[in-house]
Amino acid sequence: MTGVPITGCGVLTAAGEGPAALAAPAVAAAGAPAVRVDVTGLYEDLPRPTASAIAGFDVRATLGRKGTSFFDRATALAIVACGHAVRDAGLDLETADPARIGLVLGTTTGSLGSTMDYSRETLVQDRPYLVNPVLFPNTVMNCASGQAAIWYGFKGVNATVAGGPLAFLQSLRYAMNALDRGFADTILVGAVEEFTPQAAWAAELAGARPAGEAAAVFVLDRHARAGGPALGEVLAVTTGFSPTGGPSVTETLAGCVRRALARANVSADEVGAMATGDLPGETAESDAVTTVLGRPVAHLGVGDALGDCRAATQAVALARVLAEHRCGDAPDGGLTVITGRGADGAVTAALVRGWRDAGTHRG
């Protein structure tokens, strides 16, 4: 079955810039140690001196000083990742119709750092709460997607999906629906999470995995179906919910995987890999995929190497899948199942195909 073509990819993680960094053995190997950088020079008052943050990221050095002064880190990461994706796709923004280009970004809460900084201002400033109004735009969850659209001139569909660990795959489904209904010709879809003291302390106090950060954006182009090159294609995205007292998460997710295969009209025997959101020591998602496929397959996750990237986790997983086809050992045209689940019992699954040589395959 022909899916929605992926023609470009832009990704920033603690492992480095670009998808190839995600296929490096230091990140991709099973049990790879966490990538950590010194963050004491980036922020003060951190629970730990090292973190899975993007070392040396400077939005002004990348985009220039003009118009970037008030970007928070999440917005800056999203805009830079969008630019990488646009260039990777060879998308000419000078000739393309901006009204037919959209952007969908996944997030957990937007910029937690900006929101908490603004809230703090209302407590420490003199009444009547003389907070800096310039800080307010960064507190809304759609700040990154809105600023990115303004920066590049996108005037089509613009949406932010706040879905936590499911946000990227939910955003992918949203983008595919918009393309299928003719609301846009090209949509950039991705997810972003920033590393800030607030995110670091939230993870520390909750006893969760150390916070990481990442931004990954992909270009979906429905015109590529008519002959354009593609890095891969998204064949199906399905969702489900496992309420308390109902079927287990594994059973519900297995149902999502089966529906994805059915919609794509492919057999389980054709799937050669999976990328799940299982935490170290957990197997609920991988068990669901293995149950449906009837056999173990290669696991292309990034494990614990990049910290908890929250909403960007599955976006990074897709970048890893494409990297394995582009510069790794994954078979040309191979199929991968990508899964995710939330603490509330929500689950989702996507079926994607990757190409080794993007210049010779057509979506």
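The values are calculated or read from the model by the stated rules, or taken from the named source; none is laboratory data. Quick caveat, the model's predicted, so the values are computed rather than measured. Neighbour counts run over all protein chains shown; Cβ positions are idealised from the backbone, glycine included. Each accessible area value is taken on the protein alone, full model and side chains, heavy atoms only, with ligands, DNA and RNA left out. Shrake-Rupley method; radii C 1.70, N 1.55, O 1.52, S 1.80 Å.
A few comments on the model shown:
- Some residue of segment 300-311 being open to solvent by less than 10 Å² (accessible area, probe 1.4 Å), at pLDDT 95 or above and either under 27 Å from T108 (Cα atoms) or not small (G, A, S) (or both): no
- Of all the criteria given as (1) open to solvent by 20 Å² or more (accessible area, probe 1.4 Å); (2) under 21 Å from T115 (Cβ atoms); (3) in contact (Cβ under 8 Å) with a residue 24 or more places away in the chain, the one not satisfied by Y174 is (2).
- Considering residues of segment 138-157 that are assigned to a loop (DSSP other than H, G, I, E, B) and over 17 Å from the mean Cα position of the chain (by Cα) only, the residue surrounded by the fewest Cβ atoms within 10 Å (Cβ to Cβ): G153
- Selected residue (criterion: nearest to A203 (Cα to Cα)) from residues of segment 43-54 that are assigned to a loop (DSSP other than H, G, I, E, B) and open to solvent by less than 70 Å² (accessible area, probe 1.4 Å): P47
- Subset of segment 322-354 (residues that are in a helix (DSSP H, G or I) and over 14 Å from A230 (Cα atoms)): E324, C327
- Residue, surrounded by the most Cβ atoms within 10 Å (Cβ to Cβ), within segment 64-94, restricted to residues that are free of Cβ contacts under 8 Å to residues at least 60 places away in the same chain and of a type outside the set (K, R): A76
- Within segment 220-273, the set of residues being under 18 Å from D332 (Cβ atoms), of a type in the set (D, E, K, R) and open to solvent by 20 Å² or more (accessible area, probe 1.4 Å) comprises D269, E270.
- Filter pass, G83 being under 16 Å from the mean Cα position of the chain (by Cα), among the small types (G, A, S) and not in a helix (DSSP H, G or I): no
- Residue that is farthest from V161 (Cα to Cα) [pool: residues in segment 95-137 that are in a helix (DSSP H, G or I) and open to solvent by 70 Å² or more (accessible area, probe 1.4 Å)]: V124
- Condition met for T276 (hydroxyl-bearing (S, T, Y), crowded, with 20+ Cβ neighbours inside 10 Å and in contact with a strand residue (DSSP E or B) (Cβ under 9 Å, 6 or more places away or on another chain)): yes
- Selection within segment 279-299: residues that are surrounded by fewer than 20 Cβ atoms within 10 Å (Cβ to Cβ) and of a type in the set (S, T, N, Q). The member of this set that is nearest to A208 (Cα to Cα) is T283.
- Contact map, segment 17-40: residues that are under 15 Å from A200 (Cα atoms) paired with residues that are at pLDDT below 90 and assigned to a loop (DSSP other than H, G, I, E, B), Cβ distance under 6 Å, separation 6+ or inter-chain. Pairs shown: V37/A55.
- Output for segment 238-277, where each listed residue is touching a Leu at 6+ places or on another chain (Cβ under 8 Å), closer than 13 Å to T290 by Cα and outside any helix (DSSP H, G or I): V271, G272, A273, M274, A275
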